[in-house]
Amino acid sequence: MTVDWTILILRASGMLLIAGCFAWLLQRWRPVADSRWHRVAWGLVLLQGVLVAPFSLALQAPAWWAFSHSEPTVSSSPDSEAATAGLASSVPVTSRPTTASSASTPTGGHEASVTRAVEAPFENLSTPFAALAPETASPLSLPETISAAGSGSALPNEMRSTPVRPETLDQTAEAPAAASIDPSRPAAASIDWRRMLVGGWAGGAALVLATLLFHFGCVRLALANASPARSAWTKELQELGLELGLRRDVRLMVHPQVGPFLTWAPGGYRIVVPVRLWNRLSAEERKAVLHHELCHLRRGDLWASLVARAVVALHWFNPLAWYAASRFDEAAEWSCDALMAEESPVRAPRLAQALLAVAQVGARSPLMATAATGGPLFQRIRRLVADREGGDSWMQRGLWTGTLLAVGLAGLVDLRFVAPAALAAAPGPGSASVSQEVDEERSSARESVTAAPSGAPHDRLEEFASRIVVKENEPLRKFVALLRTPAGQILMADRAAIQAQNAAPEGDSATQWERFVARHFRKQDGKWNVVPEQGEVIDRYVREIEAATADLSPIGLVLIEIAGELDEKHSLTPVLKRFLTHEAAPAFLYQQELRLRLHPEIDNILDGLDQALVRTRTGAYVIRPARQTQVERRLKTIDEVHPVLARYQEELAAWSRDLVKTDDLHRRFSTLLADPLFAKYWIAGHASEDAPLKDESVEEIFNLLEDATSDTAEGLKFDVETDAFKALEESAQRYDAIVKYREALETPLHQLAGKIDGADPLQAKLSKLLGTELAFMLVARKMDYLPVTADAAAREWMAQFVTKNPQGNYEITTESPDDLKGRAEEFFRQARDVRRRGRVVDEFAAEVTNPALSRAMTSLVGKLELARLAEVTAERPEVDGLQLWFGELFAETPDGLVLQDWAGPSIEELLQEAAEIEKELKKADF
């Protein structure tokens with residue numbers, strides 16, 4: 001490290017010390033309640049420690065500064081040559097041409113000293129380091145401003161360091177040997193104090209960094225000893241993530257001792273909680289703690305804390321750096337508490353109760369983690385339960401704002417006083433480098449726009465790319481460049497396939513009905529018979545209508561019940577009551593809202609597969625171009641599940657044998673644990689789509705079994721009062737429900753498997769997988785599939801409009817009365833339309849030879865399903881998906897294709913997806 005950097009770090013540490021004192025005084029003198037001010041204040045204090053290379057601002061030196069800094073020192077010992085060399089290398093000196101006479105006059109000497117002093121007023125700080133430089137330092141070449149008169153040679157090295165004042169400069173110049181010393185005197189041994197100081201600083205910084213690495217290792221060790229949380233707790237985190245709109249994947253882990261805290265590992269973010277504490281907390285208290293931790297994640301506190309620790313490592317010798325980092329983290333805890341209380345006020349007292357429970361349990365968290373237990377406990381609880389009305393005054397905010405701005409600007413600017421002549425002669429600070437950087441940026445921008453992409457671009461994409469009007473839209477410029485890359489070609493083929501799938505079928509509803517009849521029926525002797533090739537389609541339709549008819553009765557009873565107990569006070573009560581009592585309401589509600597909830601179809605399965613498949617014009621399904629690598633990786637991951645699954649089934653079977661068989665409860669669980677399908681159900685809930693499954697990932701059920709059972713003389717026996725048993729019972733009930741209604745989900749899954757085009761090996765492998773029990777459980781867990789009865793589904797749907805009050809009546813509680821009114825009006829319109837158009841179906845059904853089919857077609861729900869079936873089975877036109885996509889997002893103008901105002905997010909989404917595809921392509925290439 002050079003002397004310059006040593007001084008800059010010392011300067012930054014000094015500024016950090018000053019800024020910390022100001023922040024401390026502000027908090028003592030004019031405290032504010034808003035935690036964000038505290039966070040910003042201590043963040044600015046730490047920022048001073050980073051500004052080791054501030055912006056230098058040169059100002060003309062006033063007379064008093066020039067006079068007070070006009071005394072140069074000149075070395076006169078043999079050792080001082082090297083010492084002065086160190087000083088000269090660190091102090092910028094403005095050289096100017098001189099004459100012999102100018103060097104011999106007091107005026108000339110004084111000007112030289114002034115020029116040298118005012119150019120770098122703080123460089124005298126480097127003198128103690130430079131004076132102790134080793135003898136091996138490079139020799140000094142003195143500036144011309146202090147050359148000897150007439151001869152042009154440098155001053156003799158024998159001159160000892162002596163301050164030269166203007167009134168004695170003539171005497172000094174005329175008698176240079178007056179202060180000489182005995183050359184026979186041995187030179188004193190010099191100690192390299194600068195190297196020692198720098199070495200001590202580096203050692204301290206390394207020790208702090210090593211401590212941080214040690215704590216990170218403790219976090220990794222805690223993660224290694226943690227296990228995935230039980231499904232009920234994980235569901236609480238997932239529900240909270242949906243509530244907060246969180247897009248990142250966060251896993252909940254349980255540990256025997258440490259937590260709760262948020263941390264990051266190579267696999268992603270983790271929230272670790274102590275299992276003993278988590279069992280004691282209520283569901284609302286657990287959600288309050290999780291909400292607090294997710295606030296840390298959304299604010300980026302984990303990484304901000306890491307940067308603060310890096311500043312501490314840089315300034316480990318400065319006590320204010322440690323204090324500022326501590327207060328910075330404390331303010332983060334307060335800020336997350338405040339954000340949680342703002343987003344969900346009811347959770348503030350719950351978090352306070354949870355903090356008290358944490359104190360009682362004595363849980364702890366590693367340093368390299370962001371914990372809900374951080375900060376002084378009493379202050380945090382007081383803040384959580386305190387009245388938040390009012391706030392900080394404008395005077396307090398103004399004072400804090402002004403002080404913080406002054407502190408920030410003080411660290412950004414390094415003032416330097418220079419002589420007027422030097423200021424006029426020198427170029428502007430950084431002017432050459434700045435202009436050079438600007439030129440380089442402009443040049444690189446031109447090169448990035450005009451650079452030709454590698455490879456031969458697709459002809460049609462090149463045509464579209466050449467017609468797009470880019471102007472100054474940076475994302476659009478990147479999109480045009482993307483179209484000329486392999487990733488762009490994959491993405492656009494993907495978008496074209498989706499456009500072709502979503503293309504509207506040919507003809508209106510009447511035309512679609514006529515074509516449906518012509519394709520599925522033949523008239524013989526005045527009667528309509530089903531074409532043999534279409535028998536399976538018609539039989540499935542009849543079965544679906546029979547199942548729907550069975551569901552309509554309980555749905556209708558729920559609607560009649562709500563209508564009879566509806567509160568009359570609301571203005572929309574008559575409209576809603578008319579809808580609920582309408583004879584067509586159960587059928588419309590079933591067909592439009594509840595059908596897929598009660599009886600999943602292929603579209604539900606596609607959602608469970610992350611829309612990895614797309615339907616072709618012929619009705620077959622193929623893997624989307626942009627999902628090829630993803631599907632291949634996931635199939636490989638599923639192949640690696642089987643060894644773990646085999647070991648898992650064996651261990652569960654062993655637990656089944658260890659359970660006592662004394663009552664129905666234990667016999668039921670014994671049968672459940674011995675069922676291989678239950679092992680697949682549990683594995684499916686813990687298998688990652690992108691990472692191989694490990695044995696420790698599925699340890700949760702064994703932890704639950706250990707906590708829920710006790711060893712007796714007869715064998716293992718459940719303790720039904722434990723939370724662990726309740727979690728096992730919940731999982732068992734969910735599994736039983738899925739198995740009971742297995743056919744409802746398995747049927748569309750097998751239908752999809754049969755419709756996948758098997759010509760491609762990857763698609764054939766996927767088709768084969770979808771026919772397995774493991775795939776069934778994977779899809780069920782991915783969809784969060786939970787079968788419900790028809791009346792329960794109807795009540796769930798109606799809950800968005802009405803709520804039962806304590807008096808037993810239903811009140812209209814919708815947040816949008818206009819939406820409810822609009823839905824009711826649309827229902828009445830559709831009911832009249834179906835009644836009118838349905839007469840054609842009634843006439844056709846009267847001539848159908850199959851009685852069951854005739855009954856299905858004449859029912860209202862049968863007519864609604866027929867309309868949908870006619871549309872789904874209608875032929876799709878052969879369309880240009882690429883043209884449709886560009887036509888939807890771009891407008892054709894005389895200048896070319898102009899992006900629609902609303903289409904910007906679609907382009908940015910494409911660019912993000914392209915980055916992921918590029919990564920996948922690089923992995924595949926490697």
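The values are calculated or read from the model by the stated rules, or taken from the named source; none is laboratory data. Model, not experiment: these values are computed from the prediction. A quick note on method: Cβ atoms are made from the backbone with ideal geometry, for glycine too, and the neighbour counts reach across all protein chains shown. We work out accessible area using only protein heavy atoms, side chains counted, and drop any ligands, DNA or RNA first. Shrake-Rupley method; radii C 1.70, N 1.55, O 1.52, S 1.80 Å.
Results, tabulated for the structure shown:
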{"read-out": "Sparse-neighbour loop sites [trypsin sites (Lys or Arg not before Pro); region 674-743; at most 16 other C-beta within 10 Å; DSSP]", "value": "LYS694"}
{"read-out": "Loop GluC sites (Glu not before Pro), region 513-598, which have at most 15 other Cβ atoms in a 10 Å radius of their Cβ (DSSP)", "value": "GLU565, GLU568, GLU583"}
{"read-out": "Fraction of the pair-distance distribution of region 829-909 above 16 Å, Cα-Cα pairs, percent", "value": "68 percent"}
{"read-out": "Stokes-Einstein D for region 511-559, Kirkwood Rh over Cα pairs, 25 °C, 0.890 mPa s (µm²/s)", "value": "192 µm²/s"}
{"read-out": "FRET efficiency, 1/(1 + (r/R0)^6) with R0 56 Å, evaluated for GLU472 and GLN830 via beta carbons", "value": "0.70"}
{"read-out": "Peptides 890-903, 206-219, 745-758, 857-870 ordered by average Cβ neighbours within 10 Å, highest first", "value": "857-870, 745-758, 206-219, 890-903"}
{"read-out": "Segments 344-356, 661-673 sorted - mean Cβ within 10 Å per residue, highest first", "value": "344-356, 661-673"}
{"read-out": "Alpha-carbon Rg with Dmax, taken over region 605-657, Å", "value": "16.9, 54"}
{"read-out": "LEU572 accessible area, 1.4 Å probe, all protein chains in place, Å² to nearest 10", "value": "20 Å²"}
{"read-out": "Cβ-based charge dipole, region 623-784, positive-most Cα from PHE718, LEU659, LEU672", "value": "LEU672"}
{"read-out": "When region 727-798 is reduced to its Cα atoms, the Kirkwood hydrodynamic radius in Å", "value": "13.8 Å"}
{"read-out": "Given charges at Cβ of Lys, Arg, Asp, Glu: region 623-784 dipole, positive-most of ILE756, TYR681, VAL644", "value": "ILE756"}
{"read-out": "Size of electric dipole in region 606-655: Cβ of Lys, Arg +1 and of Asp, Glu -1, about Cα centre, debye, nearest 20", "value": "440 debye"}
{"read-out": "Spherically averaged projected area in nm², based on the convex hull that wraps the Cα atoms of region 503-625", "value": "12.0 nm²"}
{"read-out": "D (Stokes-Einstein, µm²/s), Kirkwood Cα radius, region 623-784, 1.306 mPa s at 10 °C", "value": "92 µm²/s"}
{"read-out": "Estimated distance in nm for a label pair at GLU583 and ASP459, the labels positioned 7 Å out from Cα along Cα-to-Cβ", "value": "6.2 nm"}
{"read-out": "Charge dipole magnitude, Cβ of K and R +1, D and E -1 - region 623-784, Cα centre, debye nearest 20", "value": "1000 debye"}
